[in-house]
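Beneath this line is the structure, given in structure tokens, with notes to follow.
The values are calculated or read from the model by the stated rules, or taken from the named source; none is laboratory data. No experiment lies behind these values; they were computed from the predicted model shown. Because the Cβ atoms are built from the backbone with ideal geometry, glycine has one as well, and the counts that use them run over all protein chains shown. We work out accessible area using only protein heavy atoms, side chains counted, and drop any ligands, DNA or RNA first. Shrake-Rupley method; radii C 1.70, N 1.55, O 1.52, S 1.80 Å.
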Amino acid sequence: MALPHKAGEWRCFEPELEQRLLTLSHYRQALRTAAEQRELFLVYQPKVELVNERVIGAEALLRWTSPELGRVSPADFIPIAESSGDILRLGDWVIDTAIGQLEQWLEQECVPPNFRVAVNVAALQLMQPGFADSLITRLGRSRLPAGAIEIEVTESGLMQNLDLALAQLRQLAAAGIGIAIDDFGTGYSSLAYLKTMPVSVLKIDRAFVDSMDTDEQDRGLAQAVIHMARILGCDTVAEGVERPEQVALLRAMGCTQIQGYWFSPPLRPEVFIDYCQEQNG
Ligand code: C2E
Ligand code: MG
Ligand code: MG
Ligand code: MG
């Protein structure tokens, strides 16, 4: 509720709203300096190939530990960074850091040569006309083959400007960069559009995986996604796998990869390498 304060001036008298606005600008400010202050880092969650249970890739996930705010979840700060536009700078930092990390792992032979790291890309990044060019240039400057990096985009990210998104995805795919649809099944992408997109991976959303061993409908939907992926020539990654019952079902259904706490949570790079070497023998 806004009430006239002085002539021509409006003040916010809704304490909750005022608090929220304050918090928001506070977060934005803190986030802006986070990168320079080295408060941001990436953790890596293994992606395991189902047929042989080998770690064949990882998803890079952003973490922020602020001296003042403590640990802030990406589910909270990514939307804030998107609304302020700061995600563009953060997103570039994520891409460069993931590239640098993978270069180092490959050089030290900690991971197999065809290992892939996936980075999450926000809608606003994909809506920058130069996004694909910039990613291809960054990869070109690195010592990585193009196939070493994959991007994860959500259906809602694609739908904001489908023509632009499609043009960039085609450019990225032509350069050998893998494209995964994140949280698949929770958005609005139509089957017709999906067919025109150069998608290489569908990530089955945790919502379906969660209850697939207890809920027949969710199990059926997960199966349908796997079937559809096969028709489209895509791999499937099941997200949020926490129980061996889910692993067994997904294997029987022909899902190709698994990501979740059952194998491993997201890990700091040093720990990730230990896990990887143990798991891959
Ligand atoms: P997402 O891309 O769908 O990532 C999967 C989320 O599920 C991660 O949460 C991961 O830690 C969590 N997870 C993985 N396995 C399990 C499991 O077995 N059980 C449960 N309950 N959760 C599991 P996180 O790291 O908190 O990230 C949340 C979201 O924040 C991500 O969802 C992604 O949308 C966004 N995000 C994270 N890092 C970045 C980034 O660098 N850039 C952008 N644009 N978004 C990011
Ligand atoms: Mg993701
Ligand atoms: Mg996801
Ligand atoms: Mg998710």
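Tabulated values for the structure
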read-out	value
Sole residue being without any contact (Cβ under 8 Å) to a residue 40 or more places away in the chain and either under 13 Å from the mean Cα position of the chain (by Cα) or more than 16 Å from ligand 2 (Cβ to nearest atom) (or both), chosen from Pro129, Pro112	Pro129
Residues (more than 22 Å from Ala98 (Cα to Cα) and buried (at least 16 other Cβ atoms within 10 Å of the Cβ)) located in segment 244-261	Gln246, Val247, Leu249, Leu250, Met253, Cys255, Thr256
Scope segment 175-192; condition away from ligand 1 (no atom under 16 Å from the Cβ) and within 17 Å of His227 (Cα to Cα); matching residues	Ser190, Leu191, Ala192
Test set (1) under 20 Å from Gly100 (Cβ atoms); (2) part of a helix (DSSP H, G or I) - Ala173 fails condition number	(1)
The one condition in (1) away from ligand 2 (no atom under 16 Å from the Cβ); (2) touching a residue at least 24 places away in the same chain (Cβ under 8 Å); (3) open to solvent by 10 Å² or more (accessible area, probe 1.4 Å); (4) part of a helix (DSSP H, G or I) that Asp163 fails to fulfil	(2)
Residues of segment 56-114 satisfying the condition of being open to solvent by 40 Å² or more (accessible area, probe 1.4 Å), closer than 22 Å to Pro269 by Cβ, polar (S, T, N, Q) and within 14 Å of ligand 1 (Cβ to nearest atom)	Thr65, Ser73, Thr97
Top-ranked residue in segment 132-153 [being under 17 Å from Val55 (Cβ atoms) and either within 16 Å of ligand 3 (Cβ to nearest atom) or not β-branched (Val, Ile, Thr) (or both); ranked as nearest to the chain's Cα centre (by Cα)]	Glu150
Pick from segment 195-221, criterion within 15 Å of ligand 1 (Cβ to nearest atom) and among the small types (Gly, Ala, Ser), ranking: most open to solvent (accessible area, probe 1.4 Å)	Ala207
Selected residue (only one of Glu278, Glu245 is more than 16 Å from ligand 2 (Cβ to nearest atom), out of contact with any strand residue (DSSP E or B) (no Cβ under 8 Å at 6 or more places or on another chain), closer than 22 Å to Asn114 by Cβ and outside any loop (DSSP other than H, G, I, E, B))	Glu278
Qualifying residue in segment 268-277 (condition: within 13 Å of ligand 1 (Cβ to nearest atom) and free of Cβ contacts under 8 Å to residues at least 24 places away in the same chain)	no
Verdict on Asp76 being at pLDDT below 95 and part of a helix (DSSP H, G or I)	yes
